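Okay, structure first, notes after.
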Amino acid sequence: MVVRVPTGEDQRLADHVVRLVGDLTAAVTRQRDPLTVTRRPDPGGGHAVVVPALDDLLHRVRDLWWQRLDPADRLAVHTAAIHRDPRPTPLGEVITACRLAADCGHPVTVPEFTSMTSGSVKPGPRGTWQAEVGTRPYGIGHIGEYGSIRAANAAVWDTIEANREILRDRLRAASPTLAAVAARGWEEPDVSVWATADQRDHDDPALVTMHQIAHRTGVRPAEADRWRAAHAAFPQPEPGTSVWYWPLVERWLADTGHLPDPIPDDRPTLPRDESF
């Protein structure tokens, strides 16, 4: 992940935030005396020195935040905080920026949050692997069934990155401030693969499901399944499974004129968009 160094618009934003915080802090200290938490002796032998409580000061600044900052300034402060953090930006912070931007008249429709942060690959029926994005209770996006762990895992990562790219495009179109957020590196998603070490070791990317065969030939799974039922020469699945050996299927498709050129990659179907 690449973290951009604030320049140009980012530096202007940072300077603006520094001024805002300074003004708020000055306003807080004018309201009433700082809370006394300790008294330490004066090195010169005079009266004890009052030490203000930083936490109390920060709480007062936070309270004034909602009273005095307009929506644009709230977005500016939030974005500046993102740029100050050298770590990849959490998606939650990106979504917060979108909500603050909506208050400024720059609404952004966000894909389902968990479809950009998490996914899983789980064993399916008869030797297949199920690819999903999202988490419960927010909703599971079922991508499809794959013949190998690697194919299912790639589909999950592709789906998550595709959803993130949709959001990045919308951020760039909404405002320069959000475009700066889009340009940063975002945290990696959490993708779990429910497979044993032995299953991973014996994973064969040449195995495909009817879902993959249909996608690669540009037809619906039901149509691909009809080929299998109507043509005795259609390759048989691996014994006891619902997966096929692709080189054999590819040869049959070529012989019968069903093989497109080029063959599409196993791209996923994106889950539906949701607004926050």
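The numbers here are math on the coordinates, done by the rules we state, and not lab data. If you're wondering where the values come from, they're calculated on a predicted model, not measured in any experiment. Positions of Cβ are backbone-derived with ideal geometry, glycine not excepted, and every protein chain shown enters the neighbour counts.
Sticking with the crude label model, points 7 Å out along Cα→Cβ, report the distance from residue 199 to residue 251 in nm, one decimal please.
Here the modelled spin labels are 3.0 nm apart.
At q = 0.28 Å⁻¹, what is the base-10 log of I(q)/I(0) for the range 204-261 according to the Debye formula with one equal point scatterer per Cα and no solvent? Please give it to two decimals.
For the range 204-261 at q = 0.28 Å⁻¹, log10 I(q)/I(0) is -1.42.
Assuming R0 = 35 Å, can you tell me the calculated FRET efficiency for the pair residue 187 and residue 225, based on Cβ-Cβ distance, to the nearest 0.05?
Step by step, r from the Cβ atoms, then E = 0.30.
Cα extents of the range 154-232 along the three principal axes, largest first, in whole Å?
60, 34, 15
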